[in-house]
Amino acid sequence: MPPIRAKITGVTRYVPPRLLTNADLEKMVDTTNDWILERTGIRERHLVENGMASSHMATEAARALLAEKGVHPEEIDLIVVATVTPDMLFPSTACLVQDRLGATRAWGFDLLAACSGFIYALTVGFQFVAAGTHRKALVIGSDTMSSIIDYEDRATCVLFGDGAGAVLIEPCQNNPADMGVIDFHHDIDGSGGCFLHMPGGGSLHPPSHETVEKKMHYVHQDGRQVFKYAVRRMAEVSEMLLTRNGFTGKDLDLLVPHQANERIIRATAERLGLSDSQVLLNIERYGNTTAGTIPIALVDALEQGRLKKGDLVLLLAVGAGYTTGGLLLRWAY
Ligand code: UT7
């Protein structure tokens with residue numbers, strides 16, 4: 001695959017201040033801090049309050065990004081928001097963010113691919129910039145998982161948190177020293193749809209008293225099935241992307257995986273022969289924020305001094321659908 005001439009030039013995150021700890025959850029459902037930590041690696045997650053929704057977190061992250069980069073909102077050409085928890089079905093979250101930012105020249109849309117949503121949206125942004133038709137694309141992952149979680153279901157309520165992240169994508173110069181995307185692989189497998197889904201609220205089961213009574217507006221998951229699929233696919237896609245570009249695990253400076261379960265991430269790292277220093281793990285502090293995990297993790301990596309210009313980075317996710325995404329790049333700044 002020829003290199004895609006586009007790169008990430010900035011990344012920011014927003015997580016709401018309110019914390020829900022494992023100790024809090026022990027008082028809400030039949031669970032323990034030990035079970036949650038051992039089975040998932042999560043200690044705490046951030047949750048929204050006071051009417052904050054996905055568009056608000058997305059806007060906070062985007063505003064911080066534009067301020068950090070000194071970019072005027074009118075310079076933005078495209079806004080893609082990955083989310084499974086839009087404020088409402090329409091208008092899209094991208095429209096709400098565009099209006100609040102004053103990004104008057106931008107067009108945009110929402111993209112739904114659950115936990116792989118951010119990587120898919122990133123790929124869309126890269127393509128438009130690499131095509132030369134767009135110079136500044138804003139790609140955002142934002143999910144208010146607390147809005148679709150049943151806090152009486154211990155199997156799901158301990159897993160998720162709220163959060164958002166935003167990246168700016170700009171063109172690479174046409175010389176080898178400039179950095180950018182190397183390769184990506186995405187696939188979907190709809191046969192796994194029943195294992196992780198929110199059945200109510202769409203055209204099949206529009207909201208009604210019955211759908212509410214049957215708890216159809218919440219996340220339903222067969223954790224064991226999703227776990228097995230994620231462990232297998234995360235490893236397969238990583239190996240495929242590294243091998244076909246002439247790399248091995250040793251060449252990887254940082255794996256930035258979707259944060260759904262520490263055990264899934266450790267299994268992937270083991271398969272690739274990676275040391276702890278090559279893997280970004282921050283699920284402990286945020287839980288699974290769905291489309292938010294990867295940009296939030298990138299900001300954590302930068303803050304910890306674990307990302308520098310030229311680093312070989314692999315972004316990786318498996319999510320509802322099933323959706324799988326892997327993207328290999330050279331960090332550009
Ligand atoms: O990001 C989207 C993709 N999602 C994922 O990648 C999630 C993948 N799945 C997982 O991360 C794990 O399957 C879970 C963390 C969801 C569950 O861990 P597990 O080790 O697969 O547990 P399990 O579902 O097999 O349940 C084991 C036991 C069960 O009890 P029995 O049947 O053995 O008596 C559950 O009822 O643990 C019980 N259990 C809990 N116990 C205490 C389930 N949830 C809890 C809980 N606290 N919160």
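The values are calculated or read from the model by the stated rules, or taken from the named source; none is laboratory data. Keep in mind that what you see is a predicted model, and the values were worked out from it rather than measured. All Cβ positions, even for glycine, are placed from backbone atoms using ideal geometry, and neighbour counts span all protein chains on display. Remember, those area values only see protein heavy atoms, side chains included, never the ligands or the DNA or RNA. Shrake-Rupley method; radii C 1.70, N 1.55, O 1.52, S 1.80 Å.
Values for this structure:
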read-out	value
Gaussian network model of the chain, Cα within-10 Å springs - most flexible of MET28, MET145, MET198	MET28
At 1.567 mPa s and 4 °C, Stokes diffusion of region 62-120 via Kirkwood alpha-carbon radius, µm² per second	109
Within region 281-298: backbone nitrogen closer than 19 Å to the GLU49 label point (7 Å, Cα to C-beta)	286-287
More than 31 Å apart - percent of Cα-Cα pairs taken over the chain	27
Relative contact order for region 192-287, counting Cα pairs under 8 Å that sit 6 or more residues apart, in percent	23
Rounded to 5, the percent of DSSP beta bridges in the chain classed as antiparallel	70
For the chain, accessible area per residue (1.4 Å probe, heavy atoms of protein chains only), Å²	43
Ranked packing of 182-190, 72-80, most packed first, by mean Cβ within 10 Å	72-80, 182-190
Relative contact order %, the chain, counting alpha carbon pairs below 8 Å whose residues are six or more apart	25
Highest average packing first - 300-307, 201-208, Cβ atoms within 10 Å	300-307, 201-208
Listed residue pairs exceeding 20 Å between alpha carbons, taken from LYS228/LYS250; LYS7/LYS69; LYS69/LYS308; LYS27/LYS228	LYS228/LYS250; LYS27/LYS228
In range of the label at ARG105: residues from region 42-86 whose backbone nitrogen is under 17 Å from the point 7 Å along Cα→Cβ	66-67, 69-80
Amide hydrogen neighbours beyond the local backbone of VAL279, cut-off 5 Å, H modeled	LEU255
Pairwise label distance in nanometres, LYS69 with ALA155, each label 7 Å out on the Cα-Cβ vector	4.2
Computed over region 81-231: relative contact order in percent, which uses C-alpha pairs under 8 Å that are six or more apart	19
Over the chain: helical MRE at 222 nm, DSSP H runs n ≥ 4 each giving -39500 (n - 2.57), nearest 500	-10000 deg cm²/dmol
Whole-Hz ³J(HN,Hα) from phi, Karplus 6.51 cos²θ - 1.76 cosθ + 1.60, for region 152-162, glycine and proline x	10, 9, 5, 6, 10, 5, 7, 8, 10, x, 10
